[in-house]
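Trainee: My questions will all concern the structure given below.
The values are calculated or read from the model by the stated rules, or taken from the named source; none is laboratory data. Note that the coordinates shown come from a computational prediction; the quantities given were computed from them, not determined experimentally. Here the Cβ is made from the backbone with ideal geometry for all residues, glycine too, and neighbour counts use every protein chain on show.
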């Protein structure tokens, strides 16, 4: 077994965050020198037209010497977004009934007004 594969198997502590089509895995792992580091993996599910699906994964390796700076910047970025836009998700992709809402708006078109309506 290669060294990289051995490193990936040394999970010490793990947490999972499920968020719609995305799942985030937070893992504490051990190096050969028995020091710890963190991996953050985003796994996103994609469904094909035939009903089959696959996952795309992206991984970040975060080492102890970067923890403080990483945490400070992450906190600053998340605080900025929440201060500027609040916690409500406003992306149409995240609104489960967005297409239904759009259809309702289109049905209520005011360009076809009959005089009998007044």
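Trainee: Can you tell me which residue in the stretch 101-118 is modelled with the highest pLDDT, limited to those that are assigned to a helix (DSSP H, G or I) and surrounded by fewer than 10 Cβ atoms within 10 Å (Cβ to Cβ)? Step through it out loud before you land on a result.
Mentor: Residues of the stretch 101-118 assigned to a helix (DSSP H, G or I): 101-107, 115-117.
Next, from what is left, pick out any that are surrounded by fewer than 10 Cβ atoms within 10 Å (Cβ to Cβ): 105-107, 115-117.
Values: 105: 51, 106: 51, 107: 51, 115: 49, 116: 54, 117: 47.
So, considering only residues that are assigned to a helix (DSSP H, G or I) and surrounded by fewer than 10 Cβ atoms within 10 Å (Cβ to Cβ), the one modelled with the highest pLDDT is 116.
Trainee: Return the only residue of 45, 71, 59 being at pLDDT below 95 and at negative phi.
Mentor: After applying the criteria, what remains is 45.
Trainee: Within 23 Å of residue 89 (Cβ to Cβ), surrounded by 12 or more Cβ atoms within 10 Å (Cβ to Cβ) and touching a strand residue (DSSP E or B) at 6+ places or on another chain (Cβ under 6 Å), is that true of residue 56?
Mentor: On the way: within 23 Å of residue 89 (Cβ to Cβ): yes; surrounded by 12 or more Cβ atoms within 10 Å (Cβ to Cβ): no; touching a strand residue (DSSP E or B) at 6+ places or on another chain (Cβ under 6 Å): yes.
No: the conditions fail for residue 56.
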